[in-house]
Amino acid sequence: MVVEEPTDRALAPYLDGTPSSSFERLYAESYAPMVRLALLLTGSPTLAEELVQDAYVRVFARWADVEVPTAYLRQAVVNACHSHHRRRGRELRHGPGAAARAHSTDPEIDLTRAALACLPDRQRKAVVLRFYEDLPEAEIAELLGCKPGTVKSLLSRALFRLRKELGT
């Protein structure tokens with residue numbers, strides 16, 4: 001995938017006429033994992049790609065201030081997914097019909113997505129960040145804005161519900 005140089009005047013201070021090799025490297029190395037993370041948090045491949053692209057735009061706009069690009073990008077993706085769920089909840093409460101869901105050709109993936117979709121937002125985030133991203137509880141707590149004990153509780157409740165949903 002080719003990253004086109006932005007033309008927006010607001011981004012001009014971040015462009016010095018040379019390619020940003022470190023940003024391009026971040027993009028090349030983290031695009032697929034970030035899309036998978038967003039996919040697990042949203043359940044939609046198309047939406048996941050859109051949210052990740054938006055996150056890259058946010059990271060690029062703050063590139064000069066970013067100290068740990070991968071962590072900043074992960075936080076941007078998690079925040080974008082959270083914002084989407086909040087918006088979608090309002091739309092479902094106030095708008096007609098429900099949004100169509102994308103399905104894969106693998107029944108196990110569909111079953112996993114369906115089980116994750118049954119979890120409340122914070123529990124789903126905790127499970128994905130712990131078992132997919134393999135993050136420690138302290139880092140998950142930081143990303144979710146809570147205490148490590150809360151993360152343990154979220155994971156415990158989520159795993160109980162997943163076992164029930166998956167019949168294991």
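The values are calculated or read from the model by the stated rules, or taken from the named source; none is laboratory data. Because the structure is a prediction, the values reported are computed rather than measured. Methodologically, a virtual Cβ is constructed for each residue, glycine included, from the backbone with ideal geometry; neighbour enumeration extends over all protein chains shown.
Observations, loosely collected:
- Tally of residues being within 16 Å of residue 139 (Cβ to Cβ) and either touching a Cys at 6+ places or on another chain (Cβ under 6 Å) or not aromatic (Phe, Trp, Tyr) (or both) across region 46-82: 12
- Being modelled with pLDDT of 85 or more and within 17 Å of residue 42 (Cβ to Cβ) is a property that residue 135 lacks.
- Among the residues of region 128-138, those identified as surrounded by fewer than 17 Cβ atoms within 10 Å (Cβ to Cβ), free of Cβ contacts under 8 Å to residues at least 24 places away in the same chain and not small (Gly, Ala, Ser) are 131, 134, 136.
- Region 63-110, residues that are of a type in the set (Lys, Arg) and at pLDDT below 90: 86, 87, 88, 90, 93, 101
- Filtered residues of region 107-152 (kept if among the acidic types (Asp, Glu) and either more than 16 Å from the chain's Cα centre (by Cα) or part of a helix (DSSP H, G or I) (or both)): 108, 110, 121, 137, 139, 142
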